[in-house]
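Everything on this sheet refers to the single structure shown next.
The values are calculated or read from the model by the stated rules, or taken from the named source; none is laboratory data. Please read these numbers as outputs of a predicted model, since none were measured by experiment. We place every Cβ from the backbone using ideal geometry, glycine too, and count neighbours over all the protein chains shown. Quick note on the areas: whole protein, heavy atoms, side chains included, nothing else; ligands and nucleic acids left out. Shrake-Rupley method; radii C 1.70, N 1.55, O 1.52, S 1.80 Å.
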Amino acid sequence: MLSKVERVARYKALGASAALSVALLVAMPVHAQTITAVMQSGLRVMDPVVSTAFITRDHGYMIYDTLLGMNEAFEIKPQMAEKWEVSEDRKTYTFTLRDGLKWHDGAPVTSQDCVASIKRWAQQDSTGQVLMTMVSDIAVVDDKAFKVVLKEPTSLLLESLAKLSSRPAFIMPKRIAETPASEPIKEFVGSGPFKFVAPEFKPGLKVVYEKNRDYVPRSEPASWTAGGKVVNVDRVQWVAMPDQMTPVNALLNGEIDFIQQVPFDLLPMLENNGDVNVEVLDKLGNWTYYRFNHLHPPFNNKLVRQAAMYAVGQDDVLKALVGNPKYAKTCAAVFGCDTPYADSYGRDVVIPSNIEKAKALLKEAKYDGTPVVVLQPTDLAMVAPQPIVIASALRKAGFKVDLKTMDWQTVVTQQGNQKPPSEGGWNIFSTYSTLATSGNPFGNTTVAANGTKAWAGWPDVPEIERLRLEFARASDEATRKAITTQIQKLAIDEGVVGPLGQFSVPAAYSKKLTGVLASPITVFWNVKKSDK
């Protein structure tokens, strides 16, 4: 393994060799007020209903808007909606749109667009799927108003429409939202604060957004996805860099303005630079985890899933991923530690590595040596180390492992492949989520367990689905806490998700930028750029 000094030296060499490609990406006709950002990965998957990838979600927040937003106090606020009214029996919600909402092609936003968008989103989103079992009707009242009629009172409606991630309920034009939810959309017209510039799009390399000059921000201060989305620059362009060192060099040289995620071992190069701010913008941080494919051997066997969970240790993962205890800690809670629904059940399973226990479970399961296909992205620092540690631990326990390397966007695409690993499918992949969006059974996509309709991995645990529905119906926190305790136990015992620990990721940006919002979602409204 390379030492830290050797890694930095190698990065510098790679950065120098990549200078030409950086120049080609950044040295485009740059307007007076352009923010150039290096995001966590290149953008290829454009439909935020089809994918839960963060880069696709971030793209969604650039060009689309949501009916409701959420502020840093976790309060649900109107966004596209001017208001909503609730009937006395709490079963009918009537939403009224703000004046002046326009699509990027100039057409007015109507309630018909909202109804079509909600219906398409709910087919794919794990929260939306449950919500729709509680909805008896969604109907247009007039061009500016629509109503949602519930079969029973639930707070899930507002919580769903305001969810931060994954799969926020973005509103699209009706003609686009009528695309089958199983098919990606091909036209990218929103009503959000930025417009997508199609002629300049280079999939995986560069995406450009220009200010939507017809956008009318709310008057409240910006906070997370709520409040006024005031755009102060002409353009924002995201460019992909070929390695981890290149964006650091580019930021130090003033060629770019913003790095969404700085690799931990490169932080010393930026932390003491007088022209750069280094800051954790997502104050709650993230949790990382891995998913088993429950559809195919060997992880269609509960004992084999448990063997793997005993084999993998969180300390090993966090040392490889973060290496700095300032930014990481172990945690068994599937809803995150230091959250209202934190629970320590399963810490003896997922935190220490217990190879002997794993071997015993594999023997009990009569594991036949079926190869385990582990997907390993190589181009995204925050998800590249986990598969290597997982593969090593599994091999020590007696698994036969096939580690398949690829770029992150290929992993994102591959996640939805339900074919057997022998036909191009997979057995394990790992990723991470923000804790701000993972703290309950609906914001947290990983605990949905409704078989092939669930998120990638497709666990089928009806008891969890029953408990999630109870959570949606519960009106007091004590009941909700008791429900999440049961879900925690089932999620660990059934191998629904394997927690790998919590961490925070610093961003870095030029001191020419001011107004960068602290938020679980990277947003570019509210930001100003000085020319000096």
Practice task
May I ask you to order 46-56, 71-81 by the average number of other C-beta atoms within 10 Å around their residues, highest value first?
Solution key: 46-56, 71-81
Exercise for the section: Determine, for each peptide in 372-380, 160-168, the mean count of other beta carbons within 10 angstrom over its residues, then list the peptides with the highest first. Expected result: 160-168, 372-380
Practice task
Determine ³J(HN,Hα), in whole Hz, for all residues of the range 194-200 in sequence, where each value follows from phi through the Karplus function 6.51 cos²θ - 1.76 cosθ + 1.60 and θ = phi - 60°; x replaces Gly and Pro.
Solution key: 10, 9, 6, 9, 4, x, 9
Problem - Relative contact order for the range 48-100, counting Cα pairs under 8 Å that sit 6 or more residues apart, in percent - result: 21
Exercise for the section: Could you size up the charge dipole of the range 113-261 around its Cα centre, putting +1 on the beta carbon of Lys and Arg and -1 on that of Asp and Glu, and report it in debye to the nearest 20? Expected result: 160
Completion exercise
Under 5 Å from the placed amide H of M406, counting only residues 5+ away or on other chains, we find Q376, T378
Exercise for the section: Kindly sort S155, S433 by accessible area of their heavy atoms, largest first, with the probe set to 1.4 Å. Expected result: S155, S433
Fill in the blank from the handout: Net charge (Lys, Arg +1; Asp, Glu -1) of residues whose beta-carbon lies under 10 Å from that of I138, I138 excluded, is +1
Problem - Whichever lysines have a C-alpha closer than 23 Å to that of K404, once near sequence neighbours (fewer than 8 apart) are set aside - result: K319, K396, K419
Exercise for the section: Could you grab the relative contact order for the chain? Cα pairs under 8 Å, six or more apart, rounded to a whole percent. Expected result: 20
Fill in the blank from the handout: Reported to the nearest 10 Å², E356 has, with a 1.4 Å probe, an accessible area equal to 120
Practice task
Would you please put 496-504, 137-145 in order of how densely packed they are, using the mean number of other Cβ atoms within 10 angstrom per residue and starting with the highest?
Solution key: 496-504, 137-145
Exercise for the section: Using the structure shown, select from K119/K163; K83/K528; K174/K529 the pairs with a Cα to Cα distance greater than 27 angstrom. Expected result: K83/K528; K174/K529
Completion exercise
Taking R0 as 51 Å and r as the Cβ-Cβ distance between K363 and V280, the FRET efficiency 1/(1 + (r/R0)^6), rounded to the nearest 0.05, comes to 0.70
Practice task
Among the lysines, select those whose C-alpha is under 22 Å from the C-alpha of K326, and discard any that sit fewer than 8 residues away in the same chain.
Solution key: K4, K283
Handout entry: Stretch gain in nm, segment E72-K151, where the contour uses 0.36 nm per residue and the Cα spacing is subtracted
Key = 25.4 nm
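Taking the Cα centre of the range 381-512 as origin, work out the dipole magnitude from +1 charges on Lys and Arg Cβ and -1 charges on Asp and Glu Cβ, in debye rounded to 20.
Result for the range 381-512 is approximately 400 debye, rounded to the nearest 20.
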Handout entry: For G192, distant residues with modelled amide H under 5 Å away
Key = Y64, D65
Practice task
Determine how large the accessible area of M62 is when every protein chain is in place; take a 1.4 Å probe and give Å² rounded to the nearest 10.
Solution key: 0
Practice task
Calculate, in nm to one decimal, what K396 and T410 gain on full extension: separation in residues at 0.36 nm each, minus their alpha carbon distance.
Solution key: 2.3 nm
Problem - Dipole axis of the range 331-423 (+1 Lys, Arg; -1 Asp, Glu on Cβ), positive-most option in L375, W408, G398 - result: G398
Completion exercise
For the range 43-178 the translational diffusion coefficient, Stokes-Einstein from a Kirkwood Rh over Cα pairs at 10 °C and viscosity 1.306 mPa s, in µm²/s, is roughly 106
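Restrict the search to the range 186-251; then list the trypsin sites (Lys or Arg not before Pro) that DSSP places in a loop and that have at most 13 other Cβ atoms within 10 Å of their Cβ. Mind showing how you got there, number by number?
On the way: sites: K186, K195, K206, K211, R213, R218, K229, R235; in loops: K186, R213, R218, K229.
Filter output for the range 186-251: K186, R213.
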Handout entry: Share of pairwise Cα separations in the range 241-283, more than 17 Å, in percent
Key = 22
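Mean residue ellipticity at 222 nm from the helices of the chain, using -39,500 (n - 2.57) per DSSP H segment of n ≥ 4 over the full residue count, to the nearest 500 deg cm²/dmol?
-8500 deg cm²/dmol
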Fill in the blank from the handout: According to the Cβ-distance criterion of 4.7 Å, cysteines of the chain with no possible disulfide partner are C114
Exercise for the section: Among the trypsin sites (Lys or Arg not before Pro) in the range 272-370, which ones are in a DSSP loop with at most 12 other Cβ atoms within 10 Å of the Cβ? Mind listing them? Expected result: K366
Problem - Stretch gain in nm, segment T479-E200, where the contour uses 0.36 nm per residue and the Cα spacing is subtracted - result: 95.3 nm
Exercise for the section: Determine the per residue accessible area of the range 214-256 with all protein chains present and a 1.4 angstrom probe, expressed in square angstrom. Expected result: 34
Fill in the blank from the handout: On the accessible surface of the chain, probed at 1.4 Å with all protein chains in place, carbon and sulfur together account for a percent value of 52
